[in-house]
Amino acid sequence: MLVMKFGGTSVAGADRIKALDSIIRDARKPASERTIVVVSAQSGVTDDLIRMSRMAARRDRGYVEVLERVRHRHEETVKLLRLGKDRNLADQLKADFSGLYDTLHGVFLVGELSDRTLDFVSAHGELLSARIIAAYLRSKGRSAGFLDAREVIRTDEQFGNARVNFTTTNRQIGQWLKKHREQVVVMTGFIASTARNETTTLGRGGSDYTAAIAGAATKAREIQIWTDVDGVLTADPRKVRKAFTVPTMSYREAMEMSHFGAKVIHPPTIQPALEKGIPLRIKNTFRPQSDGTFVSRKSNGADFLIKGISSIDDISLLTLEGSGMVGVAGISARLFSALSQSKVNVILITQGSSEHTITFAVRPGDAAQAKAAIEEAFRFEIRDHLIEQVKVEEGLSVIAVIGENMKNTPGVSARLFGALGKNGISVVATAQGSSELNISTVIRKQDLGKAMNALHQAFFLSEVKTLSVFLVGTGLIGKTLLKQVAEHRDHLKQARSLEIVIAGVANSRKMYFAPDGISLKRLSETLDRSGEPMDIRLFVDRMKSMNLPQTVFVDCTSNESVASVYGDLIASNISVVTPNKLANAGPYRQYRKLHELVRKHHAKFLYETNVGAGLPVINTLQNLLTSGDRIRSIEAVLSGTLSYIFNTFREGIPFSEVVKQAKELGYTEPDPRIDLSGTDVARKLLILARETGLPLESGDIQIKPLLPARLMKAKTVGAFLSALPDIDAEMESLRARAAKKGCVLRFIARLENGRASIQLTEVDTKHPFYNLSGSDNIISFRTDRYNQRPLVVKGPGAGAEVTAAGVFAEIISIGNYFGVE
Ligand code: ADP
Ligand code: ASP
Ligand code: MG
């Protein structure tokens, strides 16, 4: 005997039903194998039946319309399957619908809907679908019968969620099968009846259970659950896009997965199969060739530490607390018996070892009743203040990692809590069954999607990690960064197992989001055409509400308002990478606040490109400091423009010519005074000083100006450039004086004894800055360890390519941080 069950989507409409015929034929071994085919209602029909019942009970005449739609849908199916001439079928369907009309009319008249009546109405989805499928198989010449499960499955009178009497049921199934000889028996899922022949149902999703009941009663060789996914997946595919099929699992694992919300198997289904040792196979009607999931006694397959991740999306947490609980026996017995008397199902329990509190989770709909029942059971203790009133917390979810492999394997909790922690998800409560089959954590509901994906990544995809990047600023650096990402993305995925997804982009006018990644081809067109107006606050809100795991915000602007959101992002555990200096060079109070937030949260703030573009300046400094070295002095040429100007300034070329040349080559800002004033260098020096722990403000940096105030104040760039030759003679004499001593001029930023200054300085041939070429930056650290000879970092310190590369490297380093060690 083989039992096959087809779910709602697998029987929804003529095309699907046609596909069943061949699936059933191929599954049977031998071809004549007797088979029970359990079917669900067409998808959505049970919902419609419930809805129309409730409408009728509210005296809403609209119920007739819903019923008409359901009728029309089934008539269509009959027509498309060319069963229009099947009189028998037509009569049965007519009788079903007239029964429905009469019942619903009655509900409408009295304005009342009992659970019993609701079960009667909702049973019709399965009746209709099973009748049509049986008729279709017969029309194809198969030996196919129809079994109304109400004839054989006997339950108690708990309408809506009835309990099965297995002794009677098994006997009746056996008898029915003896009496009828068809090879294929099409049986209604979900429905059953009481000893008084009243219709009951087995709970939503209960057709799976029907299949297990039929399988156990007939000692089937296998129970196949045919659905719309490739088996039991590592997580709910609607929540985790990268979920994949679990090839084998044990009954216990399947049971935990389904109890913890994996809708693919209705929870009670496993028990009858387990008792009789009948394997379950979960398969996809849309892809019958794929293997699906095989459930048996053995867990098999030790590829991963766990089998799957499940969630119960809505729970309430109740806490019983009080000094009167410590060391008193029987408290939990009383607690749970009070709950069971009021039929409240407990999802999870934790108790602190101090015995001072017991916390447990229930469905939100049960919370009020649970609270009342417990407060009644402990009314004397509460009156005497030995126990406090029951505390109820709402808006929570439970997420469970499941698998038999976890047993005796250290490191599972570390990985679990590590992944949650790194993504800034706080754990409200946690419980681990002693079976070590399941570790459950309670988190806030708003974190659920992120938590599922973060855990999935940590347990199953440690091979490939995904970073979601949000980029603001598509100027020269931003554009170059995107180009570099596009070029190296595939390589990163293969060589570093890191996938970079650009989930949001903005320029100063428009912003655009796509959680699965924005195509980088024609990005500016996409922004123009499909983007929303840019607003940095809205951008941040959207990022937060997307709540993706492993998120990085990249600021490639030099904008103050963008820099002002970093603190908010860090506090939301979103990492920030930026070449924008403004956050680090603003008022010290703000700087300190931001860096304190970074210390408190699980987010990185990386800004290596603030100083010396892609050169490793800040990292080097941080490494020196964290390894216990002490900085004695820092000397640096921190402006590529000024470096170029003084490297080029030599005898015979007037200073003003050099500046003009530099401007023409694009080495300066459009207004060269921005470079020549030294403000930019001052910002960089300030950042370095603060990095060493000095609480300096920008006013503390002493700049000896290169140019007289008169020139700096010229009204236009043109006016400035034409007045510039006025200082040629003075600059030339400075140069010549230095040259006479064998020295050259360098614009040097210096930090020593807590003082920061910037000025034009003569350096001789022994000085490391003597040989500087092009627009190179150079930074020399003199420390306790690097005392005799300083540690020098030197190289191109400006330019879009090297800056973008520096930003890119920091994004990648965040990927490593999130990676599973
Ligand atoms: P059927 O109508 O065939 O019984 P269901 O809708 O009841 O189908 O169950 C299948 C659905 O369960 C899938 O489409 C999927 O969205 C959902 N699901 C939730 N968790 C899981 C999981 N871990 N593995 C597979 N499917 C899951
Ligand atoms: N049709 C029923 C429901 O939707 C039973 C099932 O499909 O398993 O709940
Ligand atoms: Mg189902």
Handout entry: Zone residues, the range 542-583, relative to residue 496, backbone N less than 12 Å from point 7 Å out along Cα-to-Cβ
Key = none
Exercise for the section: Would you tally the net charge around residue 656, using a Cβ to Cβ cut-off of less than 9 Å, leaving residue 656 out, and scoring K and R as +1, D and E as -1? Expected result: -2
Problem - Set of the range 514-541 residues, backbone N closer than 17 Å to the point 7 Å along the Cα-Cβ line of residue 561 - result: 532-541
Handout entry: Per-pair calculated FRET efficiency, R0 = 51 Å: residue 519 and residue 332 via Cβ, rounded to 0.05
Key = 0.35
Exercise for the section: Grab the Cα-Cα distance for residue 623 and residue 25, subtract it from 0.36 nm times how many residues apart they are, and report the gain in nm with one decimal. Expected result: 208.4 nm
Exercise for the section: Work out Dmax and Rg for the range 109-202 from the C-alpha atoms and quote the Rg first, both in angstrom. Expected result: 14.5, 46
Problem - GluC sites (Glu not before Pro) restricted to the range 314-416 and DSSP loop, no more than 16 other C-beta within 10 Å - result: 355
Exercise for the section: Could you check the simple spin-label distance between residue 313 and residue 94, using points 7 Å along Cα→Cβ, in nm with one decimal? Expected result: 4.3
Fill in the blank from the handout: Using alpha carbon centers only, the range 678-712 is separated from the range 1-68 by a whole-angstrom value of 75
Fill in the blank from the handout: Projected onto the charge dipole of the range 168-296 (unit charges on the beta-carbon of Lys, Arg, Asp and Glu, signs +1, +1, -1, -1), the Cα from 234, 266, 246 with the largest positive-side position is that of 266
Exercise for the section: Treat each spin label as a single point 7 Å out from the Cα along the C-beta direction, and report the residue 436 to residue 383 distance in nm. Expected result: 4.8
Problem - 20 Å Cα-Cα threshold exceeded, pairs from 18/263; 391/544; 510/684; 483/660; 239/544; 407/450 - result: 18/263; 391/544; 510/684; 483/660; 407/450
Problem - Shape parameters for the range 369-423, alpha-carbon atoms, Rg then Dmax in Å - result: 18.6, 47
Fill in the blank from the handout: What helix-only [θ] at 222 nm does the chain give? Using -39500 (n - 2.57) per DSSP H run of at least 4, over all residues, to the nearest 500, the answer is -13000 deg cm²/dmol
Problem - Sparsely packed trypsin sites (Lys or Arg not before Pro) within the range 583-633, loop by DSSP, other Cβ within 10 Å at most 13 - result: 630
Handout entry: Prolate/oblate/rounded call for the range 32-173, Cα gyration tensor, a/c under 1.5 rounded
Key = oblate
Problem - Whole-number percent relative contact order across the chain, with pairs defined as alpha carbons under 8 Å at least 6 apart - result: 8
Practice task
Write out the chymotrypsin sites (Phe, Trp or Tyr not before Pro) in the range 714-777 meeting two conditions: DSSP loop, and at most 16 other Cβ atoms within 10 Å of their Cβ.
Solution key: 770
Practice task
Quick one: angle between helix 45-57 and the longest Cα principal axis of the chain, in degrees between 0 and 90, rounded to 10, please.
Solution key: 80
Problem - Hypothetical label at residue 713: residues of the range 655-684 whose amide nitrogen lies under 20 Å (7 Å Cα-Cβ projection) - result: 672-679
Problem - Length-normalised contact order for the range 1-100 - Cα pairs under 8 Å, 6+ apart - percent - result: 27
Handout entry: Electrostatic dipole magnitude of the chain [Cβ: Lys, Arg +1; Asp, Glu -1; Cα centre; debye, to 20]
Key = 1400
Fill in the blank from the handout: With the 8 Å Cα cutoff and a minimum separation of six or more residues, the range 139-267 has a relative contact order in percent of 21
Fill in the blank from the handout: The equivalent-ellipsoid semi-axes of the chain, taken as the square roots of five times the Cα gyration tensor eigenvalues and listed largest first in whole Å, are 72, 31, 24
Exercise for the section: At a Cα cut-off below 16 Å, give the aspartates and glutamates reachable from residue 465, other chains included and same-chain residues fewer than 8 away excluded. Expected result: 490, 499, 516, 810, 821
Handout entry: Net length gained if the chain between residue 791 and residue 140 were fully extended (0.36 nm per residue, minus Cα distance)
Key = 225.8 nm
Fill in the blank from the handout: The lysines whose Cα lies under 27 Å from the Cα of residue 741, excluding any fewer than 8 residues away in the same chain, are 704, 766, 794
Problem - Pairwise label distance in nanometres, residue 351 with residue 407, each label 7 Å out on the Cα-Cβ vector - result: 2.4
Exercise for the section: Could you order 131, 171 by accessible surface area, starting with the largest, using a probe radius of 1.4 Å? Expected result: 171, 131
Practice task
List the aspartates and glutamates whose Cα lies under 18 Å from the Cα of residue 593, skipping any in the same chain that are fewer than 8 positions away.
Solution key: 560, 568, 691, 697
Fill in the blank from the handout: Inter-part gap, Cα centre of the range 445-503 to Cα centre of the range 514-570, in whole angstrom, is 14
Handout entry: Accessible area of residue 379 in the full protein assembly, 1.4 Å probe (Å², nearest 10)
Key = 110
Practice task
Determine the gain in length on full extension of the stretch residue 60-residue 593; use 0.36 nm per residue of separation and subtract their C-alpha separation, reporting nm with one decimal.
Solution key: 186.0 nm
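The values are calculated or read from the model by the stated rules, or taken from the named source; none is laboratory data. Note that the structure is predicted; figures quoted are calculated from it, not measured. Please note: Cβ atoms are built from the backbone with ideal geometry, for glycine as well, and neighbour counts cover all protein chains shown. Areas reflect the complete protein model, heavy atoms only, side chains present, ligands, DNA and RNA absent. Shrake-Rupley method; radii C 1.70, N 1.55, O 1.52, S 1.80 Å.
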